[in-house]
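Student: Pasting a structure below so you can have a look.
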Amino acid sequence: MSPRPDTETRAEAIKRFQDLKQARDKAHETAEQAKQAADEVMWQSIAAELDAGNALQADVVEATGFSRDHVLRRTKKYRKQT
């Protein structure tokens with residue numbers, strides 16, 4: 001069994017753990033922002049394809065595996081109003 005660390009050693013370790021957690025949280029935040037940006041680009045592009053008449057909503061469903069309702073909800077804000 002190894003000896004118990006003293007108070008100072010433990011405090012230094014706790015600080016390192018806090019720094020590691022902060023770095024992890026920042027990486028997760030950055031990844032979430034990248035995911036949201038990728039989603040927005042995808043749905044804007046799909047909406048543009050639908051508006052251009054290049055595909056049907058059913059084609060998007062087939063290609064992505066998302067439900068028709070999901071495609072409708074996600075593209076609605078990017079569709080041109082007619």
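Student: Probe radius 1.4 Å, ligands and nucleic acids ignored: give me the carbon and sulfur share of the accessible area of the chain as a rounded percent. Write out the running numbers ahead of the final one.
Tutor: Numbers: 3770 of 6980 Å².
Answer for the chain: carbon and sulfur cover 54 percent of the accessible area.
Student: While we're here: Would you work out the Kirkwood radius for the range 1-79? I mean one over the mean of 1/r across all pairs of different Cα atoms, in Å.
Tutor: Result for the range 1-79 stands at 16.3 Å.
Student: Quick one: accessible area per residue over the range 12-78, 1.4 Å probe, rounded to a whole number of Å²?
Tutor: Result: 77 Å² per residue.
The values are calculated or read from the model by the stated rules, or taken from the named source; none is laboratory data. These numbers come from a predicted model, not from an experiment. Remember, those area values only see protein heavy atoms, side chains included, never the ligands or the DNA or RNA. Shrake-Rupley method; radii C 1.70, N 1.55, O 1.52, S 1.80 Å.
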